[in-house]
1. Restricted to segment B:126-142, and to residues that are without any contact (Cβ under 8 Å) to a residue 60 or more places away in the chain and of a type in the set (D, E, K, R), which residue is surrounded by the fewest Cβ atoms within 10 Å (Cβ to Cβ)?
2. Could you list all residues from segment B:54-66 that are over 18 Å from B:Glu31 (Cα atoms) and of a type outside the set (A, V, I, L, M)?
3. Go through segment B:157-183 and report how many residues are out of contact with any His (no Cβ under 7 Å at 6 or more places or on another chain) and within 27 Å of B:Val122 (Cβ to Cβ).
4. Quick check on my filter: what residues within segment A:50-95 are part of a helix (DSSP H, G or I), at the interface with chain B (Cβ under 7 Å from one of its Cβ atoms) and under 21 Å from B:Ser173 (Cα atoms)?
5. I need the full set of residues from segment B:35-55 which are over 20 Å from the mean Cα position of the chain (by Cα) and touching a residue at least 24 places away in the same chain (Cβ under 8 Å), in order please.
6. Return yes when B:Ser25 is under 24 Å from A:Pro78 (Cβ atoms), modelled with pLDDT under 80, outside the structural domain of B:Ala170 (by TED's automatic domain parsing) and of a type in the set (S, T, N, Q) and no when it is not.
7. If only one of A:Ile93, A:Ile43 is at pLDDT 90 or above and either out of contact with any strand residue (DSSP E or B) (no Cβ under 9 Å at 6 or more places or on another chain) or surrounded by 15 or more Cβ atoms within 10 Å (Cβ to Cβ) (or both), which one is it?
Amino acid sequence: MPNVLKKIGFKMKKNNLLFIDCSEAGHCCDKKQYDEASLSEKIKMLLHMAFCKPCRKYASKNTKLTKLIEKSNLSSCPEEEKKNWKETIEKEISK
Amino acid sequence: MSTNKIDPTKWVDKYSDYLFNYTISKVNDRELANDLISETFLAGLKSMKNFKGEATERTWLISILKRKIIDQYRKNNSNKGRAEVKITYNENSNEGDWLEEQAPDRFDKTAEDVMENEELGVAILNCMDNLTEKQAQIFKMKTIDGFETETICKEFNITPSNLWVIIHRARTSLAKCLEKNWF
């Protein structure tokens, strides 16, 4: 929970409608990287980040990571090829 | 120093994605990459006896792959030479066509782009080594292959919140590792 709120004696209820804690904000941020966060989650996250510097930092790092992965064009090789390779290797070994 | 053992039956599962991305970054052609990797595996099998266990299996395979890639470059270059001779003496060649345009050129990006991206891909894969196997697998499926959350949950028999926790841990560790090694 943001420190500012703690200082003014704000206590958090479970399933709070507006305020969420850092771990939940982190999860919303992760979901956002895959475009899977709902509107209410996004709003809660933004509200949380308005108070919480560490979470802002985490969000910026997280976004950077997403961009890097996109930029690197990583791809896994096709399953068919993998199968072929496995078969060839097994054949060679059994020779 | 502990010696590394060699186990060809696990090569494909363990290293093919790494080798694939490495090759793609060098030759920029999927089919060629596939050919080079299968050649690498075969060459690896043949020279298994020479594996001393001083390096890890992956390093050893990469060193074979590097040789294969260099051979491929040589082949391309010798083709370039031939094209030059042909075009010089070809009377039907279209005017204004430059030699460079007709010679095979594997890179359609600027040199800087290529350099940065090839290093980046390998750096990310290296950082993924720090994750646990399950984390790496799930992260790969989710981020690189772009599977739906549901599909992954079914495959690994976990709940969505489990999945997000795993993804969160993987992302945090990757971000930390890349920060150290990349920025």
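1. As a first pass, look at segment B:126-142 and keep what is without any contact (Cβ under 8 Å) to a residue 60 or more places away in the chain: B:126-139, B:141-142.
Still in the list and also of a type in the set (D, E, K, R): B:129, B:133-134, B:142.
Details: B:Asp129: 10, B:Glu133: 8, B:Lys134: 12, B:Lys142: 24.
The residue in question is B:Glu133.
2. B:Glu54, B:Thr56, B:Glu57, B:Arg58, B:Thr59, B:Trp60, B:Ser63
3. From segment B:157-183, those out of contact with any His (no Cβ under 7 Å at 6 or more places or on another chain) are B:157-163, B:165-167, B:169-183; that's our starting set.
Then keep just the ones that are within 27 Å of B:Val122 (Cβ to Cβ); that gives B:163, B:166-167, B:169-183.
Selection size over segment B:157-183: 18.
4. A:Lys61, A:Asn62, A:Leu65, A:Leu68, A:Ile69, A:Lys71, A:Ser72
5. The initial filter retains those residues of segment B:35-55 that are over 20 Å from the mean Cα position of the chain (by Cα), namely B:46-54.
Answer for segment B:35-55, where residues must be over 20 Å from the mean Cα position of the chain (by Cα) and touching a residue at least 24 places away in the same chain (Cβ under 8 Å): B:Met48, B:Phe51, B:Lys52, B:Gly53, B:Glu54.
6. Values: under 24 Å from A:Pro78 (Cβ atoms): yes; modelled with pLDDT under 80: yes; outside the structural domain of B:Ala170 (by TED's automatic domain parsing): yes; of a type in the set (S, T, N, Q): yes.
In short, yes.
7. Details: A:Ile93 fails: at pLDDT 90 or above.
Going through A:Ile93, A:Ile43 in turn, just one is at pLDDT 90 or above and either out of contact with any strand residue (DSSP E or B) (no Cβ under 9 Å at 6 or more places or on another chain) or surrounded by 15 or more Cβ atoms within 10 Å (Cβ to Cβ) (or both): A:Ile43.
The values are calculated or read from the model by the stated rules, or taken from the named source; none is laboratory data. Keep in mind that this is a model prediction, so the values were computed, not measured. With ideal geometry, Cβ positions are generated from the backbone for all residues, glycine too; neighbour counts draw on all protein chains shown.
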